[in-house]
1. Consider Glu315 carefully, then state whether it is open to solvent by 70 Å² or more (accessible area, probe 1.4 Å) and in contact with a helix residue (DSSP H, G or I) (Cβ under 9 Å, 6 or more places away or on another chain).
2. If you take just the helices (runs of 4 or more DSSP H) that sit entirely in segment 502-587, which of them hold at least 1 residues that are in contact with a strand residue (DSSP E or B) (Cβ under 7 Å, 6 or more places away or on another chain)?
3. Report, by residue number, each residue of segment 1-28 that is in a helix (DSSP H, G or I) and open to solvent by less than 80 Å² (accessible area, probe 1.4 Å).
4. Does Gln45 meet the test of being over 40 Å from the mean Cα position of the chain (by Cα), in contact (Cβ under 8 Å) with a residue 40 or more places away in the chain, at negative phi and open to solvent by 30 Å² or more (accessible area, probe 1.4 Å)?
5. Between a residue in segment 498-525 that is surrounded by 15 or more Cβ atoms within 10 Å (Cβ to Cβ) and any residue that is polar (S, T, N, Q) and part of a helix (DSSP H, G or I), which pairs come within a Cβ distance under 8 Å, given they are 6 or more apart or on different chains?
6. Do we have Lys69 as touching a helix residue (DSSP H, G or I) at 6+ places or on another chain (Cβ under 6 Å) and open to solvent by 80 Å² or more (accessible area, probe 1.4 Å) here?
7. Please go through segment 101-140 and give me each residue that is under 26 Å from Asp82 (Cβ atoms), open to solvent by less than 60 Å² (accessible area, probe 1.4 Å) and either part of a helix (DSSP H, G or I) or modelled with pLDDT of 95 or more (or both), ordered by number.
8. Taking only pairs six or more apart or across chains, which ones have beta-carbon atoms under 9 Å, a first residue in segment 92-106 that is without any contact (Cβ under 8 Å) to a residue 24 or more places away in the chain, and a second residue that is part of a helix (DSSP H, G or I) and crowded, with 19+ Cβ neighbours inside 10 Å?
Amino acid sequence: MAERIEQRLEDRIPELEQLERVGLFTRKEIRAVLRKASALEYKIQRRALRKEDFINYIQYEVNLLELIKKRRARIGYSFKKDEIEYSILHRVHSLFNRATGKWKDDVQLWLSHVAFCKQWNAKHQLSKVFSTMLAIHSNKPALWIMAAKWEMETRLSSESARHLFLRALRFHPECPKLYQEYFRMELMHAEKQRKEKKEFEQAKMDLGEFNYSEEILNGEMARIVYRDASQKIKGVEFQLAVLSIAKLFDFTQDLQKEILESLQARYADDPLTWDYMARRELELGSLPATEQTTKQEKVSDMAQREERCCAVFDEAVRAVPTENMWKCYITFCLERYNRKTNSAELKQKRLERTLSVFSKAHESSLLSEALYKQWLQLLLDSNLSEKAVEVAEAATRHFSQSVEIWQMRLQVLIQLKRDDVTQCFEEAIKHVKSKGTLPLWTLWVEWSEGMNSKEDTEALYQRSLHATTPTESVTMKEMYLDWTYRNRGYKKVKRLFTSLCENRPFSLDFFRKMIQIEKEQESCRMLHLREYYERALREFGSTNTDFWLEYIKEELSHPQGKPENCGSIHWRAMKMLQGDLVEDFVSKYTLLQTGHL
């Protein structure tokens with residue numbers, strides 16, 4: 001192994017001598033490079049190879065290349081690249097080849113090699129990398145697309161790109177993304193040929209051996225790809241994706257028409273088809289932008305186009321009366337309403353249209369829970385409070401089990417300071433199952449704190465502890481403890497704490513809150529703090545190291561503390577803690593003893 005490493009280091013000497021001779025590196029820097037290279041070589045020649053060692057070596061060589069590049073620019077020296085950079089580039093490629101040969105499944109390693117080849121313009125090497133990578137990772141369509149794009153855009157070889165796409169489709173005959181990118185490539189190829197032909201004609205040159213097929217120039221190859229894909233890939237999403245690609249090219253009107261006809265014929269009942277056809281009206285028949293066009297004319301034109309869109313949507317909800325179809329319609333209306341405009345008239349028209357569509361969808365009983373929330377928010381933003389109350393009530397009738405819908409209705413009533421808030425809370429609790437009612441109870445007690453008497457609020461807290469699930473009652477206990485301390489004082493909260501401790505489960509914050517309350521008293525007694533810590537550790541002592549350490553710190557820092565108790569607390573912690581927590585506790589306890597925690 002040593003001989004091999006020495007040989008590799010000797011192979012570096014010519015390039016290092018050149019670096020020193022031309023003044024890019026000093027002798028001291030050359031020695032440092034040799035030392036580092038020697039250390040890195042030993043790491044990649046071991047029997048038990050590690051991927052990180054190869055990555056570190058490659059990164060070092062890349063950094064060296066970047067440094068040479070910067071120094072060349074600084075001193076203005078651009079010669080001897082064959083003897084210096086090319087030698088390092090060859091070594092990096094060899095390292096990548098060894099690494100990818102050893103860890104073939106690591107796609108990121110392959111992609112790093114690809115990125116390196118692109119950065120240093122190693123086209124010949126990159127072709128080899130893509131070829132090897134695709135032989136191993138033929139199951140990844142994204143890699144085929146990357147390779148084909150490189151062939152098309154960098155090497156300007158449409159034949160190679162087409163060959164790669166055809167190979168990829170043998171492995172992935174039903175991959176929509178592959179077909180989309182193949183379709184795009186054929187249109188790019190047609191556009192490129194159209195430009196070439198135009199330039200030849202403008203220069204009045206004899207085309208001679210250059211034979212430009214009219215079919216290819218008109219995108220016939222892309223049409224073949226589309227027809228083949230349509231037979232294998234079902235779904236309106238693919239049709240729309242292909243159509244959006246075709247629209248990027250100005251010579252595809254016939255192709256766009258064919259795709260559109262296929263879309264309407266095969267997917268007439270799909271909401272996305274109607275959505276596309278309606279939105280298409282925005283682009284059709286718009287006024288040409290000229291300096292003479294007034295703002296009023298622009299607003300009028302936009303309003304007319306939006307009306308045409310809505311006319312298509314109205315036809316759509318009659319033809320396809322589904323929840324998704326109404327969602328598409330409402331989404332379009334909300335998008336238009338949220339667009340900025342200086343015309344108050346247009347803004348008002350958009351609002352009225354949106355609210356009207358919401359109402360129609362509600363009357364058809366085809367409004368989803370999420371859309372009810374958006375409707376309510378829009379009504380509140382528009383100061384239509386009475387309508388918001390009415391809609392909120394209707395929403396809770398449709399989704400009587402939804403906590404979020406009830407929560408929104410209650411927030412509307414609270415915001416408007418209505419008298420029937422308590423009645424609505426009672427109704428919500430009755431309809432919603434006990435599991436998941438925590439948001440309703442927290443909202444209720446928070447509202448009660450500001451509106452009702454202390455007795456009523458306390459009764460509500462007591463009721464919530466029995467009504468919620470054990471897990472959710474933990475949060476209510478914390479809130480109850482905090483409210484009692486703020487409104488009833490220390491003695492009352494201490495009795496409440498003792499009472500609440502009779503019923504599990506608890507949370508660490510519950511005990512921390514009580515410890516904090518005790519510390520806020522003028523006569524903070526260590527005896528009480530010990531009780532709270534002991535109660536907490538009985539519940540969480542096996543899974544929490546921090547609480548043990550806080551207990552020890554309290555004994556050390558409190559005026560009434562007993563430092564001699566720390567030994568027994570430490571011993572108990574070591575017995576109770578589980579698994580890796582023991583080691584974690586020991587390290588933190590050591591830091592505490594040395595004053596670093």
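The values are calculated or read from the model by the stated rules, or taken from the named source; none is laboratory data. It should be emphasised that the depicted structure is a prediction, and the values quoted were computed from it without experimental measurement. Every residue, glycine among them, receives a Cβ derived from its backbone with ideal geometry; neighbour counts consider all protein chains shown. When the accessible area is computed, the model is the full protein with side chains, heavy atoms only, and any ligands, DNA or RNA have been set aside. Shrake-Rupley method; radii C 1.70, N 1.55, O 1.52, S 1.80 Å.
1. So Glu315 passes the test.
2. On the way: elements: 508-519, 526-540, 545-557, 566-576.
Correct list: empty, since no element meets the threshold.
3. First, the residues of segment 1-28 that are in a helix (DSSP H, G or I): 2-21, 27-28.
Selection gives Ala2, Ile5, Leu9, Arg12, Ile13, Pro14, Glu15, Leu16, Gln18, Leu19, Glu20.
4. Details: over 40 Å from the mean Cα position of the chain (by Cα): yes; in contact (Cβ under 8 Å) with a residue 40 or more places away in the chain: yes; at negative phi: yes; open to solvent by 30 Å² or more (accessible area, probe 1.4 Å): no.
So Gln45 fails the test.
5. Ser507/Thr475
6. Working: touching a helix residue (DSSP H, G or I) at 6+ places or on another chain (Cβ under 6 Å): no; open to solvent by 80 Å² or more (accessible area, probe 1.4 Å): yes.
Considered against the rule, which asks whether it is touching a helix residue (DSSP H, G or I) at 6+ places or on another chain (Cβ under 6 Å) and open to solvent by 80 Å² or more (accessible area, probe 1.4 Å), Lys69 comes out as no.
7. Selection gives Ser112, His113, Val114, Ala115, Phe116, Cys117, Gln125, Leu126, Ser127, Val129, Phe130.
8. Asn97/His113; Asn97/Val129
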